1. Note down the nm distance, to one decimal, between modelled labels 7 Å out along Cα→Cβ at K151 and at M90.
2. Of M277, M221, M188, which has the largest mean-square fluctuation in a 10 Å C-alpha GNM of the chain?
3. What distance in nm separates the simple spin-label points at Q61 and D19, each placed 7 Å from Cα in the Cβ direction?
4. Which order do the peptides 126-136, 91-101 come out in when sorted by mean C-beta neighbours inside 10 angstrom, highest first?
5. Considering only protein heavy atoms, with the full assembly of protein chains and a 1.4 angstrom probe, order H166, H239, H196 by accessible area, largest first.
6. Just list whichever of K9/K82; K70/K270; K22/K64; K18/K152; K23/K279; K64/K137 have alpha carbons separated by over 18 Å in the model shown.
7. Could you work out how much longer the chain between Y183 and S224 gets when fully extended? Use 0.36 nm per residue separation minus the Cα distance between them, nm to one decimal.
8. Just report the Cα centroid separation between the stretch 154-191 and the stretch 1-76, whole Å.
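The values are calculated or read from the model by the stated rules, or taken from the named source; none is laboratory data. Everything numeric in this text was worked out from a predicted model, so none of it was measured. Ideal geometry is used to build each Cβ from the backbone, glycine not excepted, and the neighbour counts take in all protein chains shown. Just so you know, the surface numbers come from the protein's heavy atoms only, side chains and all, with ligands and any DNA or RNA stripped out. Shrake-Rupley method; radii C 1.70, N 1.55, O 1.52, S 1.80 Å.
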Amino acid sequence: MQVGFYRDKCPFAEAIIKDEVKKSFLEDKGIAAGIIRLQFHDCFVRGCDGSLLIDSTPENQAEKDGSPNKSIRGLEVIDNAKARLEAVCMGVVSCADILAYAARDSNVLSGGLYWDVPAGRRDGRISRAAETEDIPKPSFNLDQLIEFFAKKGLTQGDMVALSGSHTIGRSHCFSFTVRLYNYNTKTMQDPNLDPHYAQLLKIECPRFLQGILNQTLVVAMNQSPFFMDSSYYGNLFKHAGLFNSDQSLLDSQTTAEQATVYATNDLAWKVDFARAMIKLSQVQVLTENQGEIRANCRVINP
Ligand code: HEM
């Protein structure tokens, strides 16, 4: 893996990808959050090999159709970048690399730091919906989160920094309404959720709309959903983390201390987030003669 991997092979690759991300971002700022999440979901299943981008076929249910991926967005940005790249340098730039560059560009457009992306990833030829079980669930507690990140070679510290990505974007009601309406047998509402915040969420995700409409209703992740800032961590101390997984970052002394630093020092978080994203983007990558360079990110080469 190398920074500037395409400098000689396809000199305008990074510029083309950036241009496509920017174009989409200007139409819909939420796309940046969608793309950063794509990177996470791709890397957690079979490594950062673009396997998330593959469409299902009659013979194969692909990752995209696994339950955590029902709410992904931003795929068309990768498709558009790929089409332009194939036109100028056919068969050179992998879908997995496009995604890694696009995630970096999305971060910068949303007010985060720039980082150099080590590239040279190759695309995988396998994508299975069942393997999306490797993606952590919003109901997870701290131990489960640490365990799932450790399986991918990421530390507790990486996990705390990466979770801050929930400072941008949106969530569907179905991802957290259990905390509002059916938490457990003793209490309907999660006692770890600030009652005022819970009230607001109930207005946005009314109980009577649970079911069909709940599939489409969304709420903003936080008060500045298009801006990369460390307000996510401040919210945790107000018991206003949206998911159980978010709120659980305060459940140990070390993770809570890390969250305190980020809550009060935006730059410290941005630096750690950038470092952790570089690490995430190198999880179990295929390189050199492994895998392939897909011609269409949605389809395994024949
Ligand atoms: C720590 C474990 C994590 C859990 C349990 C989790 C879970 C979720 C859930 C349930 C959603 C809402 C999906 C929806 O209903 O539309 C979401 C959204 C999001 N997640 Fe995570 N996530 C985790 C970590 C991460 C990481 C590591 C990143 C990136 C580095 C990330 C980036 C995002 C972004 C940007 C969104 C907003 C997506 C959009 O607006 O389309 N998440 N996450």
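1. My value for the distance between the label points is 4.1 nm.
2. The residue with the greatest mean-square fluctuation here is M188.
3. Taking the simple label geometry, Q61 and D19 are separated by 4.1 nm.
4. Packing order, densest peptide first, comes out as 91-101, 126-136.
5. Ranked from most to least accessible, the order is H196, H239, H166.
6. Going by Cα-Cα distance, K70/K270; K22/K64; K18/K152; K23/K279 fall outside the 18 Å limit.
7. 12.1 nm
8. Cα centroid of the stretch 154-191 versus Cα centroid of the stretch 1-76: 24 Å apart.
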